[in-house]
1. Would you mind calculating the relative contact order of the range 3-201 from Cα pairs under 8 angstrom and at least 6 residues apart, reporting the percent as a whole number?
2. On a 0 to 90° scale, report how tilted helix 50-72 is relative to the longest principal axis of the chain, with both axes built from alpha carbons and the result rounded to the nearest 10.
3. Residue by residue, what Karplus-based ³J(HN,Hα) values in Hz, rounded to whole numbers, does the range 156-170 have, using 6.51, -1.76 and 1.60 with θ = phi - 60° and x for Gly and Pro?
4. Rounding to the nearest 20 debye, state how big the charge dipole of the chain is about its Cα centre with +1 on each Lys and Arg Cβ and -1 on each Asp and Glu Cβ.
5. Cα axis of helix 119-138 to longest principal axis of the chain: angle in degrees, 0 to 90, nearest 10?
6. Gaussian network model of the chain, Cα springs within a sub-10 Å range: biggest mean-square fluctuation belongs to which of Arg27, Arg144, Arg92?
7. With point charges of +1 on the Cβ of Lys and Arg and -1 on the Cβ of Asp and Glu, referenced to the Cα centre of the chain, which listed residue (Val110, Ser72, Val15) lies farthest in the positive direction of the dipole?
8. So, counting K/R as plus one and D/E as minus one, what does the shell of residues with Cβ under 12 Å around Leu134 add up to?
Amino acid sequence: MPITIAWIAVILLLVTSTGLLIVRDWRWSLVLLAVQYVGVFVLTLQHWPLGMASVKLVAGWMSAAILGMTRSSFPSVEIEEQVFWPRGGLFRLFAAGIILLIVWVATPPVDTIMADAGYAISGGSLILIGMGLLHLGITSYILRVVIGLMTVLSGFEILYSAVEGSILVAALLATINLGLALVGAYLMIAQYNAREAEAQTE
């Protein structure tokens with residue numbers, strides 16, 4: 001696959017992962033997550049055959065669908081997102097810029113360690129890992145925590161695809177994605193039911 005397409009995928013990952021930090025609406029968050037998996041698919045396609053890379057794309061979309069169906073079953077005013085200070089969009093953009101700077105510096109040595117996987121592969125994976133960790137650090141809302149974990153895992157999968165082409169490993173990583181989505185759905189339902197029960201007892 002042409003290297004230009006790989007860099008377009010890296011830009012797509014940067015836009016979607018930054019957008020996940022900024023947007024508040026859960027619908028847009030899941031749309032960005034689904035688009036993010038398209039970029040992950042393109043980068044894993046650099047080293048994996050089409051069938052294996054497609055498994056990653058389908059598993060990601062199924063995970064986003066599971067989270068979306070679960071969240072849509074709650075009232076629109078359901079659970080307010082709780083985040084640690086600071087919660088402004090400007091701060092999140094600033095933090096994303098710092099992550100991007102770290103990725104810029106870390107990509108060449110990581111690419112060397114990963115047997116010259118390619119700057120697009122190394123950079124794209126580090127962007128997702130960094131943005132996912134940042135996401136986990138600024139929120140305690142279950143849906144967003146799961147999205148952050150899936151973003152970190154996607155970054156790891158891109159990097160890992162450059163050194164391992166096992167079908168079993170691809171299936172295992174897809175299962176982990178689906179498992180994360182199911183656990184997140186369960187926790188959202190449990191939290192909602194607990195708050196409903198607490199409201200009824202008051």
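Please treat every number below as a calculation from the coordinates, not as lab data. Keep in mind that this is a model prediction, so the values were computed, not measured. We place every Cβ from the backbone using ideal geometry, glycine too, and count neighbours over all the protein chains shown.
1. Values: 234 pairs, mean separation 56.7, N = 199.
Relative CO of the range 3-201 lands at 28 percent.
2. 10 degrees
3. Computed from phi, the couplings for the range 156-170 are 4, 5, 4, 5, 5, 5, 6, 10, 9, x, 6, 5, 5, 5, 4 Hz.
4. Working: 8 positive and 11 negative charges, 49 e Å.
The dipole magnitude comes to about 240 debye.
5. The answer is roughly 20 degrees.
6. Judging by the Gaussian network model, the answer is Arg27.
7. Val15
8. Working: positive: Arg92, Arg144; negative: none.
Summing Lys/Arg as +1 and Asp/Glu as -1 gives +2.
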